[in-house]
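What follows is one structure encoded as structure tokens, with my remarks underneath.
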Amino acid sequence: MKEGVQFKETQKFTQWWLWLIILAPIILFVIKVISTRIYVFGGYAAAETSNSNMIWIANRITLGELLPYFFYLLTVLFLVLIKLKVVVTNKKIKIRHLLFFSKIIDLSEVTEQQIINYDFVGYGIRKTKKYGTVYNVKGKEGVAITLDNGEKYLIGSQKAKELHATIRS
């Protein structure tokens with residue numbers, strides 16, 4: 001028998017300030033490349049020396065300069081692809097974070113749940129003393145869950161009231 005989906009939410013990193021921080025090095029790199037090309041092909045080099053080919057070689061970007069930007073591009077790609085997906089069925093809470101991590105919580109094991117407005121606890125999957133395992137992508141609101149074995153989880157959500165009502169019912 002297929003379980004019916006009661007609640008579904010997918011969150012991504014959409015904070016403008018985070019993307020500004022991540023994209024700043026790439027923007028600076030593009031500016032550097034463009035300014036180098038303008039310098040080499042703009043006629044300034046020919047006035048300084050008669051051999052413009054030597055200046056082109058001197059201004060070439062090395063692999064060592066490209067490598068950090070390559071890692072930045074991988075970071076951006078990683079942030080574009082990762083997401084926090086929460087699905088509540090009539091029997092389970094399924095949490096999928098990043099590209100490869102998933103957690104399934106049986107609803108029959110949940111003893112208490114409440115909506116929490118928390119301070120910044122970081123993004124991703126975190127272990128804290130106060131909330132237990134935290135799954136957070138953005139915001140400061142979520143549903144805290146305590147299981148009958150004492151384990152605690154906090155699921156960050158943009159729809160915390162809906163998530164709480166679904167778990168409770």
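The values are calculated or read from the model by the stated rules, or taken from the named source; none is laboratory data. From a predicted model like this one, the values you see are computed outputs, not experimental measurements. Please note: Cβ atoms are built from the backbone with ideal geometry, for glycine as well, and neighbour counts cover all protein chains shown.
Can you tell me which residue in segment 139-165 is surrounded by the fewest Cβ atoms within 10 Å (Cβ to Cβ), limited to those that are in contact with a Leu (Cβ under 9 Å, 6 or more places away or on another chain) and not aromatic (F, W, Y)?
Checked segment 139-165; the qualifying residue surrounded by the fewest Cβ atoms within 10 Å (Cβ to Cβ) is A144.
What single numbered condition from (1) surrounded by 14 or more Cβ atoms within 10 Å (Cβ to Cβ); (2) over 23 Å from K12 (Cβ atoms); (3) out of contact with any His (no Cβ under 8 Å at 6 or more places or on another chain) fails to hold for K130?
The number of the failed condition is (1).
From (1) closer than 16 Å to D119 by Cβ; (2) not in a strand (DSSP E or B), pick out the condition that doesn't hold for L154.
(2)
Among (1) charged (D, E, K, R); (2) at pLDDT 75 or above; (3) within 30 Å of F100 (Cα to Cα), which single condition is K32 missing?
Checking K32 against (1) charged (D, E, K, R); (2) at pLDDT 75 or above; (3) within 30 Å of F100 (Cα to Cα), the one that fails is (3).
Could you grab me the full set of residues in segment 145-163 that are within 15 Å of K103 (Cα to Cα), over 17 Å from the mean Cα position of the chain (by Cα) and not hydroxyl-bearing (S, T, Y)?
I145, L147, E151, K152, L154
Can you tell me which residues in segment 93-117 are outside any strand (DSSP E or B) and surrounded by fewer than 16 Cβ atoms within 10 Å (Cβ to Cβ)?
Scanning segment 93-117 gives L98, L99, F100, S108, E109.
Could you give every pair whose Cβ atoms fall below 6 Å, whose first residue belongs to segment 63-85 and is touching a residue at least 12 places away in the same chain (Cβ under 8 Å), and whose second residue is β-branched (V, I, T), counting only separations of at least 6 or pairs across chains?
Sorted first by the residue in segment 63-85, then by its partner, the pairs are Y72/I26; V76/I22; K83/T10; L84/V137; K85/T10.
Scan segment 8-21 and report the pairs whose first residue is surrounded by 10 or more Cβ atoms within 10 Å (Cβ to Cβ) and whose second residue is part of a loop (DSSP other than H, G, I, E, B) and among the hydrophobic types (A, V, I, L, M, F, W, C), with Cβ atoms within less than 7 Å and a gap of 6+ or a chain change.
The qualifying pairs are Q11/V137; K12/V137; F13/V137.
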